[in-house]
Amino acid sequence: MSAVIGQTSIIIALFLALWGIIAPILASRSGKEGLFFSARAAILGQFFLVTLAAFAMIYALVTTDFSIRYVAFNTTRSTPIYYRVTGLWGALEGSLLLWEWILIIFSGLVAWIHKDRHRELMPWVLTIFSIVSAFFLFVLAFVSNPFETIFPVPADGRGLNPLLEDANMLSHPPLLYTGFVGLTVPYAFAMAALIKGKLDEGWIVTTRRWTLTAWFFLTMGNLVGAYWSYHVLGWGGYWAWDPVENAAFMPWLPATAFLHSVQVQERRRMLKVWNLSLIIVAFSLTIFGTFLTRSGILSSIHAFSSGPVGSIFLGFLAIILVGSFGLLAYRADLLKGQPELDSVVSRESAFLLNNVVLVSALFTILLGTIFPLISEAVVGVQVSVGAPYFNSVTVPLFLLMVFLMAIGPMIAWRKASLDNIKRNFLWPAVASLLCGLLLFIWRVRDLLPLLGFTLLAFVVFTILFDTALAVRARKRIAGEGIASALMTLVRRNQRRYGGLVVHLGVVLIVMGIAGSMGYSVEKEATLRIGESLSVGRYHVQFEGLRGSQQPTHFRVEGAFRVFNEGHELGTLSPALKFFPSQQSPVGKAIHRSTISEDLYLILSGFTEVQQNQATFKVLVRPLLVWMWIGGLVIVLGTIMSVWPVKKRATARES
């Protein structure tokens, strides 16, 4: 029954999506309101039907309906119920269903919220949504059907990929997909603006919160994915420049550039071509990432199985790029005559340079990601590039980006005077240089880490100094206390101070990356019970092994008593998990985090439980916890930026 309901819902939704493409075009040309309303109804109808299909699949997974091939391959009777639910996005077909479900949720919200606004643009916005929806529904209906049945029905299923049996499976894919799909909203409005020739700031203002929301989910998806990699894969790292990791990160770069660049268009009506190009590239990269993940052309532990869906996504990507940039070229005359830069020393120039840096980083990462395909096409062999390439080309670019984080929000528009530069940057620069000097004295001697920490301090000091000046002005003018003045500033300048808090979150993340990359220590040893290993100031003593049967696997844990300069910290228990369907065990690393460093233990192997001998690795990762704290700070800054309090505050004051 679930298969029939799900498949029928997908096919009917596909017909509604096709009507959703036609009806807005007819409404735009004929002016008939009924056609416009029917297009909106088609979106809402798709929302109902795709939701029904998604719930049908979840029901089939929860009830272990093994007559559906997808269920049989992605769950078992012994799988805990929460992992059965996450099976919806655990493999190729289900992940596409989740993508379409999130897409149609966004489409329905846009159709409902903006039903009485932007009457010229909305028919074309709905058309773009329906085109994207129709593509995914076509793939689900005829190419990668999640409701395909199997006979004879197996007695039990195969189960999830063991790496996916983790709590982060509940959050990482939905967060990442929501970020990907959320970029469809500004893309749809941008295409509608190009089609109608309405290239003012209207579409940007309308999509501001949508874009920031998508960027937020994309940021959180990447951070949660890094944390998942850190504590599950058992290699002690959080980012390996894997092709699929890169595919998730690349849309973030143009989306970040777009969020900064649109401020210039709103303020000075400049960078229109930049903004349209950035959102086209950001959306296109979400489709490109889906192609990389599902085509099987690159090897990755994150990738789904290969199949015909890859070539179909590649064709859709080509249509998007040709159609979008073709429209941009068609409207080139309307994009001429923009104001020019008054000075290279201005906020406009800083944001433009920020665009160049982020796009340069995007190009270098894209080149490294697809280089195996290029080498295979040229010499017939896939030659991969590793982390050294990515680090060498991106680290200088990201250091420049950190510098621009300090300059961009504080420098004056149009042309910064010498007085403006001295007032905003002299004391922060002095304070950050003193901070760098103290770090050098404290034995931070390597150039890149020292430069990185100094620039991060510069960002923090510019934000604190600017905020302190603004608070002092409020105290002098309005007689407010510090807390009251700060609240007033935040309330009246949501976007600015929310953005500055987000910058502080990014500072913490970069600090965690710099510390953990530059000053980590690791050792590996094979010990018998009672023997110990020293790493830095830590002393790790092996206490023994124990085995236990879990619902889906057999688990072997090692017990390691940890001492810090003679003070006992407790026992850490890294593990190896043995799944019946896997030849090799899956590691379960364990770590103890403090604000200064992480102690990270990996159980690499053992002889027999009875012999109590184990091989393990100990790593010390300085400052790593600040990556995750930075993510929480970004959450706070984003909420500050998008929370609708400004109008209510204005109403009260009036």
Some residue of the range 55-74 being buried (at least 21 other Cβ atoms within 10 Å of the Cβ), without any contact (Cβ under 8 Å) to a residue 40 or more places away in the chain and of a type outside the set (Val, Ile, Thr): yes
Of residues in the range 158-169 being in contact (Cβ under 8 Å) with a residue 60 or more places away in the chain and part of a helix (DSSP H, G or I), the one farthest from residue 67 (Cα to Cα): 168
Going through the range 318-357 in order, the residues found to be within 30 Å of residue 425 (Cα to Cα), among the β-branched types (Val, Ile, Thr) and in a helix (DSSP H, G or I) are 356, 357
I'd like the residue in the range 92-131 that is of a type in the set (D, E, K, R) and in a helix (DSSP H, G or I) and, out of all such residues, is surrounded by the most Cβ atoms within 10 Å (Cβ to Cβ). 93
Exclusive hit being charged (D, E, K, R), within 28 Å of residue 498 (Cβ to Cβ) and buried (at least 17 other Cβ atoms within 10 Å of the Cβ), set 474, 423: 474
Sole residue being farther than 20 Å from residue 620 by Cβ and in contact with a Phe, Trp or Tyr (Cβ under 7 Å, 6 or more places away or on another chain), chosen from 508, 469, 447, 489: 489
Scanning for something closer than 19 Å to residue 259 by Cα and modelled with pLDDT under 95, does the range 325-346 turn up at least one residue? yes
Considering only the range 510-517, I want to know if a residue exists there that is at pLDDT below 90 and within 24 Å of residue 392 (Cα to Cα). yes
Quick check, is residue 232 aliphatic (A, V, I, L, M) and either crowded, with 23+ Cβ neighbours inside 10 Å or within 15 Å of the chain's Cα centre (by Cα) (or both)? no
Can you tell me which of (1) in the same structural domain as residue 280 (by TED's automatic domain parsing); (2) surrounded by 23 or more Cβ atoms within 10 Å (Cβ to Cβ); (3) free of Cβ contacts under 8 Å to residues at least 60 places away in the same chain is the one residue 172 doesn't meet? (1)
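So that you can scan it fast, the table gives a plain yes or no per residue for (1) at pLDDT below 95; (2) not charged (D, E, K, R):
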| position | (1), (2) |
| --- | --- |
| 185 | no, yes |
| 188 | no, yes |
| 196 | yes, no |
| 207 | yes, yes |
| 244 | yes, yes |
| 251 | no, yes |
| 258 | no, yes |
Would you say residue 392 is at pLDDT 90 or above and either exposed (fewer than 15 other Cβ atoms within 10 Å of the Cβ) or more than 25 Å from residue 450 (Cβ to Cβ) (or both)? yes
Considering only the range 349-363, I want to know if a residue exists there that is at pLDDT below 95, of a type in the set (Ser, Thr, Tyr) and in contact with a helix residue (DSSP H, G or I) (Cβ under 9 Å, 6 or more places away or on another chain). no
Hey, residue 193 in a helix (DSSP H, G or I), surrounded by 21 or more Cβ atoms within 10 Å (Cβ to Cβ) and under 17 Å from the mean Cα position of the chain (by Cα) or not: no
So if I check each of 41, 27, which one is at pLDDT 90 or above and among the small types (Gly, Ala, Ser)? 41
Among strands (runs of 3 or more DSSP E) completely within the range 506-588, the ones holding 2 or more residues that are without any contact (Cβ under 8 Å) to a residue 40 or more places away in the chain are 532-535, 538-549, 554-564, 567-572, 575-578
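Matching residues to (1) in contact with a Ser or Thr (Cβ under 6 Å, 6 or more places away or on another chain); (2) under 30 Å from residue 240 (Cβ atoms); (3) in a helix (DSSP H, G or I):
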| position | (1), (2), (3) |
| --- | --- |
| 178 | no, yes, yes |
| 188 | no, no, yes |
| 198 | no, no, no |
| 203 | no, no, yes |
| 209 | no, no, yes |
| 213 | no, yes, yes |
| 216 | yes, yes, yes |
| 221 | no, yes, yes |
| 225 | no, yes, yes |
Of the numbered conditions (1) modelled with pLDDT under 90; (2) among the small types (Gly, Ala, Ser); (3) not assigned by TED's automatic domain parsing to the domain that holds residue 328, residue 202 satisfies every one except a single condition; which is it? (3)
Filter pass, residue 157 being buried (at least 20 other Cβ atoms within 10 Å of the Cβ) and under 21 Å from the mean Cα position of the chain (by Cα): no
Does the range 570-620 hold any residues that are among the basic types (Lys, Arg), under 26 Å from the mean Cα position of the chain (by Cα) and more than 23 Å from residue 167 (Cα to Cα), and which are they? none
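The values are calculated or read from the model by the stated rules, or taken from the named source; none is laboratory data. In this text the structure is predicted, and so the values were computed from the model without any measurement. Cβ atoms come from the backbone with ideal geometry, glycine included; neighbour counts cover every protein chain shown.
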